[in-house]
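Report on the structure given below.
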Amino acid sequence: MAVDFGTPEWAETIRQEIQGDAEYRAAAKGWGIGFNGNILFSIEPGDGLSQPVHLHLELKDGQCLGARLLADPNQVEVGFRLRGAWPVWKQVLGGELKPILAISLRRIRLEGSLAVLMKYVPAAQALLRCFSSVETRLPDQA
């Protein structure tokens, strides 16, 4: 059953998908050990999305300990923040644009250590695959 994008149910479904994914668990072993591994995905409006969406993931050592939407992206400390417009995120989540390429092209802006992120490319790919596997009703499909 599809969940609506940007809702608490969507965030929790993503958390469950990540938490249950053996590939992510293996690839993200060591993530967040000795550094803040929490990630904030900031999705800026555009192409049917009228309000920004800020998804905070608590990630540590292959586990997704929490996922929640934030009204104010500055209310939590994170090790990484990925910001981009909704049309770009749709391409990434749809598999049309690789996340590392989107960052390199500055279509998605990274705040945090690119060097650390590059050590965990397979984990990032598995994480985004988990996002994509959640059956989601998108704002421009309503």
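Observations
- Residue match in segment 44-51 (condition: surrounded by 16 or more Cβ atoms within 10 Å (Cβ to Cβ), under 12 Å from the mean Cα position of the chain (by Cα) and of a type outside the set (Asp, Glu)): no
- Test: Arg109 is within 12 Å of the chain's Cα centre (by Cα), among the basic types (Lys, Arg) and either outside any loop (DSSP other than H, G, I, E, B) or modelled with pLDDT of 95 or more (or both): no
- Scanning segment 75-106 for residues that are more than 14 Å from the chain's Cα centre (by Cα) and at pLDDT 90 or above yields Gln75, Val76, Glu77, Pro87, Leu105, Arg106.
- Candidates are the residues of segment 22-38 that are free of Cβ contacts under 8 Å to residues at least 40 places away in the same chain and among the charged types (D, E, K, R); the one that is farthest from Ala115 (Cα to Cα) is Arg25.
- Scanning segment 16-33 for residues being surrounded by 19 or more Cβ atoms within 10 Å (Cβ to Cβ) and either among the hydrophobic types (A, V, I, L, M, F, W, C) or within 14 Å of the chain's Cα centre (by Cα) (or both) gives a total of 6.
- Subset tally (residues that are of a type in the set (A, V, I, L, M) and touching a residue at least 12 places away in the same chain (Cβ under 8 Å)) for segment 96-117: 7
- Answer residue from segment 69-79, given it is in contact with a Leu (Cβ under 7 Å, 6 or more places away or on another chain) and buried (at least 16 other Cβ atoms within 10 Å of the Cβ) and is nearest to Gln125 (Cα to Cα) among those: Val78
- A count restricted to segment 68-111 and to residues that are closer than 13 Å to Gly37 by Cα and not aromatic (Phe, Trp, Tyr) stands at 7.
- Residues within segment 99-113 that are among the hydrophobic types (A, V, I, L, M, F, W, C) and over 20 Å from Arg129 (Cα atoms), tallied: 1
- Taken over segment 1-58, the criterion of being part of a helix (DSSP H, G or I) and hydroxyl-bearing (Ser, Thr, Tyr) is satisfied by Thr13, Tyr24.
The values are calculated or read from the model by the stated rules, or taken from the named source; none is laboratory data. Keep in mind it's a predicted model, so treat the numbers as computed, not measured. With ideal geometry, Cβ positions are generated from the backbone for all residues, glycine too; neighbour counts draw on all protein chains shown.
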